[in-house]
Amino acid sequence: MKAKRLEGVMQGVFLFSALISVLSIILIIIFMFAGGVPFMMEYGIVDFLFGDRWSPSNTPSSFGILPMILGSIFVTIGAVVIGVPIGILTAVFMAEFCPPKLYKILKPATNLMAAIPSIVYGFFALQLIVPIMRNFSGGTGMNMLTAMILLGIMILPTVIGLSESSLRSVPRSYYTGSMALGATHERTVMKVIMPAAKSGIISSVILGVGRAIGETMAVVLIAGNQPIIPQSITSGVRTLTTNIVLEMAYAAGEHREALIATGVVLFVFILMINGLFMMIKRKESKA
Amino acid sequence: MSKISIKDMNLWYGDFQALHGVSLEIPQNEITAFIGPSGCGKSTLIKSLNRMNDLVEGCRIEGDILLDGKDIYKSNTNVNTLRKDVGMVFQQPNPFPMSIYNNIAYGPRTHGVKDKKELDEIVEKSLRDAAIWDEVKDDLNKNALSISGGQQQRICIARALAVQPEVLLMDEPTSALDPISTAKIEELVTELKEKYTIVMVTHNMQQASRVSDHTAFFFNGYIIESGDTRKMFTNPKKKQTEDYISGRFG
Amino acid sequence: MSSKLIRGCVYLSAAVTFASLLFILLYIFINGLPHLNSDILSWKFTTDNQSLIPSLITTFIVLGLTLLIATPIGVFTGFYLVEYAKRGNKVVEVIRMATDTLAAIPSIVYGLFGMLFFVTFLGFQYSVAAGVLTSVIMVLPLIIRSTEEALMAVNDSLREASFGLGAGKLRTIFRVVLPVAMPGILSGVILASGRVIGETAALMYTLGTSSNLPSGLFSSGRTLALHMYVLSNEGIHVNESFATGVVLIIFVLIVNGLSTFLSNKLAKGTK
C-alpha cells in the first residue's frame, strides 16, 4: 500500500517538475508583454517600431527603434552571409571528408567553440578585429562589419552541429547509389547527400539566425552602438539587444519601459524564428 | 565469349579473408547468378566487379578481374568510368529523394550530358527499357520516394541503364519486393540480357533457376561449383551444391 | 563544379573554422597567462588589483545553487516525459513546446524577465537569489533535453526485465534506468554549468555587478564572465581582462572535456 502511494506521489512530483517549464514560459511572456506593451500602445506602435530617432534624454524624448531593428537585421544578415557557407561546408567536411582520427579532435573542438562565453568572443574581437578594422576603414573600428565577422564566427558551431547531424542521418544507400553510377565522392556529397539533408541544414541556419539576433555581450563591445540607421557597412551600429544592455543601468520611467518594449520586439522576433524552426522540424518528422 | 574474367582472386576485409582463390568467367549477353548461403562471399564478389568494395575500409584484393580483357584494378583505371560501364542495382530500392526525372537524369548529368533534349530522350528510353515508362510517364516530376517499392526498384534499374552500361550488377534485386513486383523484375531481366551482360546475386534458388543461364555456387568464400544453370540444378557435381539447392542448409 | 574545386572549398572552410578557434584560444592564452599573477589572484578585490578571486567564488556559488535547483527539476521533467507520459499526449506536447521555446530565448530576454519578475516584482533586488533563479530557468531546457535523450537511449528490455521481476515503476527508474542513463544526464548538467559560467547578459540585471563577495542570498555579486565584461567595457584593465579570459576558457575546457568524456561513456554503456 505504502509503495503504491509513493508511486502516486512521485508521479505527481515528476509532473509538477515538468510543468515548471510551462509556468516559466508563461511568466516570461506575461511579464515581458506587461512590461513593454503598455508603453508601445501609449507611445504608438508605429512611432515606436518605425521611428528613426532614439533620444531618450531629449525633451521631449523620442523612442524610435527602427535603427536598432535594422541594425539587428543587417548584422544578422552579414553574419549569415559569412558564417553559413563556412559552417555548412565545415559540416560537410566533418561528415564526409574528415579522417576518423582527426574527427576525434575536431568534434570536441566544435563543442568547445559553442561553449566559449560570448564575452570572451567579444573581448577577442575588441582586441584584435577592431584595431585591424581601424587601420582598414578608419574611424574607431567598431562598426557593422566587425560585428558581422564576429557573429559569423559565433554562429559557426550552431550551424555545424545541426547540419552535420542531418548530413549523417542521410541513408547510406543514397551514397552507394550515386557512387555506383560512377559519380565522384564530391559530386555525390553535393548533389545527393546535401539535397537530402536540406531541411536539417535549413534548420541549422535558422538556429544560427536566432543565435546571431539574440547575441548581446559580444556585440556591445565592438559594434559602436550609435542609435542611427547605419549608412554603410563600416558605420557603427546598435542592435536591439545592445540597446537594452547599454541603457538599462540608468534608465528610469518611460525610458526603462521603452527598453523593456525593445526586449518585447526582440522576443517576438525570436518567437517567430523559433516557430519557423519548429514548423520545419515537424514537417521533417512527418516526411 | 567472356565479358568478365576473374582470375584467382583473394579478398580480405582487414584480417578476415572473404574470398579465396576465386576464378570465374562471366559470358557476354547472358545472365550469371551467384547463389549460396549468407556470408558466403557472393555479394562481396559482385561488389568487386565495379570496385564498390573500394568504399569499404580495410578491403584488400589480390588477383585479376578483367573487363573486356583489361584489368579493372590497375592503378590507371578510372573508377568513375568503370562504374559507368558496370552499373549496379541494390537489394533495397534506393532512389534519391528527388523527382523520377532527376533520378534518371542524375547519371547522365554526372557524366557530362547537359542538353535538355538529349536528357529527355535518355530518360524516356531508360524508363521504357526498365518497363516502367507507361506507369510513370505522367508523373516524371513526382518524388521517386512516393511510388511503390516495386516501381522504385525499376526506377533504380532505369537509373542504372541511363548511363548506358555494358554490364548490370544486381545484388539481390527482388529480396525486398512482393511476388508480383518480383515477377515483373525477373521478366525485365530476361529482356535486358539482349543488350547487357547481367550478374545477379540471389538468395532465391527458384529465381536463379528460372532466370539465369549460368550459376556459381559460393560457400565460405570459395566458389564450389559453377556452370550452366540447368545442368547444375539437375545434376550437381559436388555434394555441397546438391545439399544447398535441395534446401538442406542455408 | 569540378571535384577538386568542391574539395578545396570544403577543406578551406574547415580550415577557417578551426583556425579561428585555435587563434582565439591562443590569442587569449598568450596575452592572458603572463598576467595571471598574485595581484589578480589576491583574496580581496581592490580597484588596484582587480582581483578575480571574489568573482570566482561568486561563480561557484551561483553555479552550485543553480544546479542544485535546476538538476532535480530538469531530471524529473525528463522522467515524466520519457517514462510516464503517453505518446501524443497533449500535456507532453505543451511541455515540449515550452522547453523548445525556453531554449531559443536569448540571454538578454532572460535578463530582462529576471529583472522584472525576481528583482522588481518579488523584490529580491540585484541578488544571488534573483541571478540563480533566472539561471535555473535558462538551463532547464539543456538538462531536460539531455535527460530525455539519455533515458530514451536506455534499452526497453532493461525496463521489461525489471517490471518482470515485479519491481514498480519508481524502483525501475531509480535502480535500473537511472544508473545507465547517468553519464548522459551528467553531461547535460555539465553543459548547463558551462552556460552559467559563461553567462553575462542574463545576470547583469539580476545578479548585478557588485565587485565584492556577496554576503548572503539577497546580496549582489559578479561572476567571472560579468567581471570580464565590466573590465573590458571600462577599457583600462586590458591585461586583467585577458587574465580573466584565460581562467574562463580553462573552466570551459574542463567542463567540455568532462562532458565529452561522459557522453562517450554513455555511448559505450548503451551499446
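The values are calculated or read from the model by the stated rules, or taken from the named source; none is laboratory data. Because the structure is a prediction, the values reported are computed rather than measured. Cβ: placed from backbone, ideal geometry, glycine included. Neighbour counts: every protein chain shown.
The figures follow:
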| read-out | value |
| --- | --- |
| Tabulated pairs, the range C:246-267, first facing another protein chain (nearest Cβ under 7 Å), second buried (at least 17 other Cβ atoms within 10 Å of the Cβ) and not in a helix (DSSP H, G or I), C-beta under 8 angstrom, 6+ apart or interchain | C:L248/A:P117; C:I249/A:I116; C:V252/A:I116; C:V252/A:P117 |
| Enumeration of residues in the range A:184-217 that are within 9 Å of chain C (Cβ to nearest Cβ), within 18 Å of the chain's Cα centre (by Cα) and either surrounded by fewer than 20 Cβ atoms within 10 Å (Cβ to Cβ) or among the hydrophobic types (A, V, I, L, M, F, W, C) (or both) | A:L207, A:I213, A:M217 |
| Subset of the range A:236-265 [part of a loop (DSSP other than H, G, I, E, B), of a type in the set (S, T, Y) and out of contact with any Gly (no Cβ under 6 Å at 6 or more places or on another chain)] | A:Y250 |
| A:G141, sole failed condition from (1) in the same structural domain as A:L246 (by TED's automatic domain parsing); (2) in contact with a His (Cβ under 9 Å, 6 or more places away or on another chain); (3) assigned to a loop (DSSP other than H, G, I, E, B) | (2) |
| Test for C:S219: is it over 29 Å from A:Y103 (Cβ atoms), more than 21 Å from the chain's Cα centre (by Cα), of a type in the set (S, T, N, Q) and modelled with pLDDT of 85 or more | yes |
| Failed item, numbered, when A:I29 is tested on (1) farther than 26 Å from A:E254 by Cα; (2) out of contact with any Ser or Thr (no Cβ under 8 Å at 6 or more places or on another chain); (3) aliphatic (A, V, I, L, M); (4) within 13 Å of chain C (Cβ to nearest Cβ) | (1) |
| Scope the range C:80-91; condition part of a helix (DSSP H, G or I) and either surrounded by 15 or more Cβ atoms within 10 Å (Cβ to Cβ) or within 8 Å of chain A (Cβ to nearest Cβ) (or both); matching residues | C:Y80, C:L81, C:V82, C:E83, C:Y84, C:V91 |
| Verdict on A:T158 being facing another protein chain (nearest Cβ under 10 Å) and either crowded, with 23+ Cβ neighbours inside 10 Å or on the phi < 0 side of the Ramachandran plot (or both) | no |
| Some residue of the range A:43-61 being buried (at least 23 other Cβ atoms within 10 Å of the Cβ) and either among the aliphatic types (A, V, I, L, M) or over 21 Å from A:I213 (Cα atoms) (or both) | no |
| Condition check for C:I197: closer than 26 Å to C:L224 by Cβ and either among the basic types (K, R) or in contact with a Phe, Trp or Tyr (Cβ under 7 Å, 6 or more places away or on another chain) (or both) | yes |
| Residue list for the range B:117-132, restricted to those being buried (at least 17 other Cβ atoms within 10 Å of the Cβ) and not hydroxyl-bearing (S, T, Y) | B:L119, B:I122, B:V123, B:L127, B:D129, B:A130, B:A131, B:I132 |
| Search result, residues across the range C:165-209 that are over 26 Å from C:S259 (Cα atoms), at the interface with another protein chain (Cβ under 9 Å from one of its Cβ atoms) and at pLDDT 90 or above | C:M204, C:Y205 |
| Pairs, first in the same structural domain as A:A223 (by TED's automatic domain parsing) and on the phi > 0 side of the Ramachandran plot in the range A:106-126, second crowded, with 20+ Cβ neighbours inside 10 Å and not in a loop (DSSP other than H, G, I, E, B), C-beta under 8 Å, six or more apart | none |
| Criterion (of a type outside the set (F, W, Y) and either modelled with pLDDT of 95 or more or in contact with a strand residue (DSSP E or B) (Cβ under 8 Å, 6 or more places away or on another chain) (or both)) met by exactly one of A:G210, A:G236 | A:G236 |
| Hey, B:D228 in contact with a His (Cβ under 7 Å, 6 or more places away or on another chain) and over 28 Å from B:F16 (Cα atoms) or not | yes |
| Matching entry among C:P72, C:P54 (being at pLDDT 95 or above and either in a helix (DSSP H, G or I) or over 22 Å from A:V264 (Cα atoms) (or both)) | C:P72 |
| Residue in the range B:113-122 that is in contact with a Pro (Cβ under 8 Å, 6 or more places away or on another chain) and in contact (Cβ under 8 Å) with a residue 40 or more places away in the chain present | yes |
| Counted residues, the range C:211-237 - those being within 11 Å of C:Q50 (Cβ to Cβ) and assigned to a helix (DSSP H, G or I) | 5 |
| Elements of type helices (runs of 4 or more DSSP H) in the range B:10-125, at least 1 residues being more than 12 Å from every other protein chain (Cβ to nearest Cβ) | B:42-48, B:100-110 |
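Each row is one residue, and each column tells you yes or no for (1) at the interface with chain A (Cβ under 10 Å from one of its Cβ atoms); (2) buried (at least 24 other Cβ atoms within 10 Å of the Cβ); (3) under 29 Å from A:I213 (Cα atoms).
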residue	(1), (2), (3)
C:L65	no, no, no
C:L68	no, no, no
C:G78	yes, yes, no
C:E93	no, no, yes
C:D100	yes, no, yes
C:G111	yes, yes, yes
C:G123	no, no, no
C:G131	no, yes, yes
